[in-house]
Amino acid sequence: MATEDSNCLLPECDECYQQQLDLFALVDAPEKQLIKGKYVRSPYSNSIGTIDLIPRFKRGENAIVPVSGLVGKKLKIENRYRIGRNELVCQIQPAVIERTVNGEKVEFYAYPGDREDLTEKLLFLIASNRGLSKIRMPGGVDRFGIYFSLYEIREELKKLGKTRSYDVIRESLVVIRDSRTNISQIDGTRSITITHDIFADAILEVSGSGRGRDRCSITFSDYVIEQIQLLNYRQYPFASINSHPSPLSRFIHSYLTNNWTNAANGVTRQLFVNEVFAAFGKDHLTDAVKRRDMRAGLAILVKAGWFTNVPYSQKTLKNGMHEHYYELTPTEVFVEEVIRANAKKKGLRIIDDKVRNEPEFTLPAQKGRLSADLK
């Protein structure tokens, strides 16, 4: 999703700044992770909660619609959500793409949807295991980003049980590049913009063949780079979360991984229905439908081995309103991954302190590898 401030220059990068960004690629080496009830050796990735847990995607069907179908209708989507006591709005503007229909070129509005959500997760997987590169974009602007190929994206999707053609993957990348988001906070009668987008620019060139087909690059926005520098991310088992068949199940698992940082065996947590669906981007559903979908999503996580059971919903008074919630009990596997992520976070803070205060300090070697490299 291209930013409106894509032309701003990369900050002057000294060795300390570069090393702080290099910490992003110090994920653990691939290990056997619980994937759909079985243990499979898979890589780790990083999640930036401030961008992964906000409603930046149009969920479900109709993410791509003919331009003619929206004539005279509101083009931008606004999703309202809350973080603590803060009321926020995520505004989504679609990309414009072309498809061939009955032999003719037809323009479509394409909102980033469930497909783009997963593609974006794959881009962050690559960044988490390979690190960030300084990339010169058109116009001579240097930014931090990653190099990748459509082959790599396709192979990682296969590991998640999803088969997509190069054309579909490339279209998804175009939607990510050309759509726009604007996140703002409501303060009384004022709207204060917090950030725009996740990606700054992308080069999606069609060249090469086989594994080298379509060598691409994409750069991250200033906001993302700032979050990485500030260590505002958490390690998580990539395939364990992203192999769930339901987008809602993937989101709930990610939501809890980011927020339930003090999980312990035998200790439960209340998961509020409206809070989750607002962050997911489907707050317009009725309460009954939300609870139905929540139970179905939780059932997938229980079957996969992350929670002990799907409880019945309960009701309580929250912020002056009656709210439904589910009280979840984690399995030992979920608790172990939380403990691992907490230890990784603590270790990164120690290393970051050494980077800042010990000029001769050298970062430990990267251990992360992608799924396609584990064959």
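Bear in mind that the values in this text are calculations on the coordinates, not laboratory data. Fair warning: this is a prediction, and the values are worked out from it, not measured in the lab. A quick note on method: Cβ atoms are made from the backbone with ideal geometry, for glycine too, and the neighbour counts reach across all protein chains shown.
The table below lists the values:
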quantity: Average Cα contact separation per residue, the stretch 203-336, under 8 Å, 6 or more apart, as relative contact order %; calculated: 22
quantity: Distance between the stretch 231-262 and the stretch 30-44 - C-alpha centres, whole angstrom; calculated: 14
quantity: Mean Cβ count within 10 Å, highest first, over the residues of peptides 75-83, 99-107, 318-326, 179-187; calculated: 179-187, 75-83, 318-326, 99-107
quantity: Amide proton proximity set for Gly60, modelled H, under 5 Å, gap of 5+; calculated: Asp114
quantity: FRET efficiency, His322 to Arg85 (Cβ-Cβ, R0 25 Å, nearest 0.05); calculated: 0.85
quantity: Listed residues Lys121, Lys290, Lys38, most fluctuating in the chain (Gaussian network, C-alpha, under 10 Å); calculated: Lys38
quantity: Anisotropy class of the stretch 5-131 from Cα gyration tensor, a/c 1.5 cut; calculated: prolate
quantity: Proximal lysines relative to Lys344, as straight alpha-carbon distance under 21 Å, when same-chain residues fewer than 8 apart are discounted; calculated: Lys32, Lys121, Lys354, Lys367
quantity: Given charges at beta-carbon only (K, R positive; D, E negative), |dipole| of the stretch 15-374 in Debye; calculated: 860
quantity: Mean separation of Cα contacts under 8 Å (6+ apart) over length of the stretch 15-374, as relative contact order %; calculated: 24
quantity: Length-normalised contact order of the stretch 61-215 in % [C-alpha pairs under 8 Å, at least 6 apart]; calculated: 24
quantity: Cα-Cα over 22 Å, subset of Lys74/Lys162; Lys159/Lys303; Lys58/Lys318; Lys38/Lys346; calculated: Lys74/Lys162; Lys58/Lys318; Lys38/Lys346
quantity: For Val267, Val71, Val40, order by how many other beta-carbon atoms lie within 10 Å, fewest first; calculated: Val71, Val267, Val40
quantity: Ellipticity estimate at 222 nm from DSSP helix runs (n ≥ 4, -39,500 (n - 2.57)) divided over the chain, nearest 500; calculated: -10500 deg cm²/dmol
quantity: Cα gyration tensor category, rounded, prolate or oblate, for the stretch 206-349 with a/c compared to 1.5; calculated: prolate
quantity: Cβ crowding within 10 Å averaged over residues, with 198-204, 270-276 ranked highest first; calculated: 198-204, 270-276
quantity: ³J(HN,Hα), Karplus 6.51/-1.76/1.60, whole Hz, each residue of the stretch 30-39, x for Gly, Pro; calculated: x, 9, 5, 10, 6, 10, 6, x, 10, 9
quantity: Residues whose placed amide H lies under 5 Å from that of Asp142, excluding near-sequence neighbours; calculated: Leu10, Met137
quantity: Of the DSSP H helices in the chain, those whose Cα atoms cover at least 20 Å axially and whose Kyte score averages 0.0 or more; calculated: 287-304
quantity: Farthest toward positive dipole pole in the chain [+1 Lys/Arg, -1 Asp/Glu at C-beta], among Gln20, Ile198, Tyr44; calculated: Tyr44
quantity: Cut-off under 5 Å, modelled amide H: who pairs with Ser221 long-range; calculated: Phe199, Ala200
